[in-house]
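The values are calculated or read from the model by the stated rules, or taken from the named source; none is laboratory data. This one's a predicted model, so the numbers in the text were calculated from it and none came from an experiment. Cβ placement follows ideal geometry from the backbone for every residue including glycine, while neighbour counts extend to all protein chains displayed. In case anyone asks, the SASA skips ligands and DNA or RNA and just uses the protein heavy atoms, side chains included. Shrake-Rupley method; radii C 1.70, N 1.55, O 1.52, S 1.80 Å.
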Amino acid sequence: MKIVIIDYNAGNVRSVLFALERIGVVAELSSDPDKIKSADKVIFPGVGEAKNTMAYLRKTGLAETIRGLKQPTLGICLGMQLLCEYSEEGNTDCLNIIPLKVKKFIASATDQKIPHVGWNKIMFEKSTPLFKKNQPGDYAYFVHSYYVEKGDYTTATCDYILPFSAALQKDNFYATQFHPEKSGDVGELILKEFINL
Amino acid sequence: MLAKRIIPCLDIKDGRTVKGVNFEQLRDAGDPVELGCRYVTEGADELVFLDITATVEKRKTLAELARKIARHLNIPFTIGGGIRSVTDAGILLDAGADKISVNSAAVRDPALISRLADQFGSQFVVVAVDAKKVNGEWLVHLNGGRVATEHRLLDWVKESENRGAGEILFTSMNNDGTKAGFACDALAAVADQVSIPVIASGGAGSMEHFRDVFTHGKADAGLAASIFHFKEIEIRDLKKYLADQRIPVRL
């Protein structure tokens with residue numbers, strides 16, 4: 001099986017590679033559209049800023065590549081947000097694969113820190129193969145200042161300031177707002193299920 | 001609910017974990033990656049590695065350490081020690097670090113915080129602040145607490161936030177190594193001053209100290225070293241205790 005992690009100069013892509021290595025999966029980092037298109041599974045990670053990243057994806061043609069993927073594809077963190085329609089971060093039109101909007105957290109009390117950093121509980125909205133081995137209330141690791149609103153494609157939620165999408169699925173596109181590669185055993189179960197799809 | 005984080009801190013010198021009292025009298029506490037893995041198994045939420053080696057080879061060894069940690073650990077970690085530039089930080093990001101911490105270099109050149117945040121995002125930038133109460137006033141110190149600056153603690157954490165810091169790691173030099181408890185009043189003042197998360201450091205000696213730092217001290221995370229290294233407190237026991245005290249923790 002060929003697993004490709006999209007390498008687009010945004011954030012900590014290597015930690016995804018290492019996480020797969022720990023569960024015995026060899027993956028390749030690549031920014032080559034042909035390699036990405038021919039992979040059995042694609043991971044679209046991301047730590048960074050929406051506007052510049054989208055501009056980069058459009059300029060390099062990776063935006064079209066990602067939109068055209070038919071194989072199971074997992075967006076992580078910014079990767080998940082960019083799969084959506086629109087982000088308030090830099091007023092950015094995203095890949096529009098999943099028709100949901102990305103909004104900025106607004107604190108309503110002084111003890112609500114932004115970004116949302118740390119371990120928080122995920123609750124399931126719909127059954128999805130990704131969370132087959134997980135329990136509701138499992139803790140996952142989040143780092144983000146923007147969130148995807150809840151909607152038809154929300155498979156898991158997290159509650160911070162308000163309930164938001166912790167995970168999404170539409171057709172072959174899967175996504176998590178949290179970092180499975182940094183979420184201990186809970187995250188490893190999710191990555192294994194993605195690889196097993 | 002967002003869990004309060006328990007963070008063991010590993011001070012590294014020449015590739016080994018060390019621990020001193022008030023930044024002096026170093027004791028050996030083992031291989032950092034092995035110790036890190038033990039903490040992951042015991043339920044640590046995150047780890048901080050600070051390299052206190054002072055050699056010219058440092059940049060390379062720090063990157064090698066980051067890569068080794070990233071390969072083995074399945075939770076987030078911060079690495080720091082002598083990071084002076086965007087280039088230094090970029091090498092660590094490429095090696096797999098989730099966050100870097102800057103301390104003295106940021107005090108000497110505050111614009112470094114802005115450059116790091118612009119380049120890598122705020123989530124990557126932890127500003128570590130060592131402060132000491134001198135004549136009733138909390139002042140930022142450099143070089144492991146040996147050199148006083150004119151920066152007032154509350155002004156400096158605000159400036160750090162404004163420049164793009166993603167988190168503040170505040171160590172009270174008065175409390176560090178004493179095991180007499182965290183500087184809860186100063187921590188609460190820091191937490192009120194900024195809207196980014198605050199990691200409390202310095203003074204942990206008992207489970208009650210962690211309860212206090214999350215309640216009175218308003219901290220988002222509690223960091224400690226020797227009590228974990230020498231197994232005076234087991235992380236698992238500590239988290240069970242905190243859960244009993246109705247403090248949200250990841251069990």
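Some observations on this one:
- Some residue of segment A:30-42 being more than 12 Å from chain B (Cβ to nearest Cβ) and free of Cβ contacts under 8 Å to residues at least 24 places away in the same chain: yes
- Applying the criterion of being surrounded by fewer than 17 Cβ atoms within 10 Å (Cβ to Cβ) and facing chain A (nearest Cβ under 10 Å) to the residues of segment B:69-102, the residue that is nearest to B:LYS13 (Cα to Cα) is B:HIS72.
- A residue that is touching a Gly at 6+ places or on another chain (Cβ under 9 Å) and open to solvent by less than 30 Å² (accessible area, probe 1.4 Å) can be found somewhere in segment A:51-65.
- Segment A:10-29: number of residues that are touching a residue at least 40 places away in the same chain (Cβ under 8 Å), open to solvent by 20 Å² or more (accessible area, probe 1.4 Å) and either outside any loop (DSSP other than H, G, I, E, B) or more than 9 Å from chain B (Cβ to nearest Cβ) (or both): 3
For (1) within 22 Å of A:GLN169 (Cβ to Cβ); (2) modelled with pLDDT under 95, each residue gets a yes or a no:
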{"residue": "A:SER38", "(1), (2)": "no, no"}
{"residue": "A:LYS41", "(1), (2)": "yes, no"}
{"residue": "A:GLY48", "(1), (2)": "no, yes"}
{"residue": "A:PRO72", "(1), (2)": "yes, no"}
{"residue": "A:ILE114", "(1), (2)": "no, yes"}
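- In segment B:190-209, residue nearest to the other protein chains (Cβ to nearest Cβ) [restricted to those that are in contact with a Phe, Trp or Tyr (Cβ under 8 Å, 6 or more places away or on another chain) and of a type in the set (A, V, I, L, M, F, W, C)]: B:VAL198
- Hey, B:PHE214 part of a helix (DSSP H, G or I), at pLDDT 95 or above and within 14 Å of chain A (Cβ to nearest Cβ) or not: yes
- Residues (within 15 Å of the chain's Cα centre (by Cα) and surrounded by fewer than 21 Cβ atoms within 10 Å (Cβ to Cβ)) located in segment A:180-191: A:GLU188
- Subset tally (residues that are more than 25 Å from A:PRO72 (Cβ to Cβ) and either of a type in the set (S, T, N, Q) or open to solvent by 40 Å² or more (accessible area, probe 1.4 Å) (or both)) for segment A:109-145: 7
- Residues satisfying the criterion are present in segment B:106-125 (criterion: away from chain A (no Cβ under 13 Å), closer than 26 Å to B:ASP185 by Cα and not in a helix (DSSP H, G or I)).
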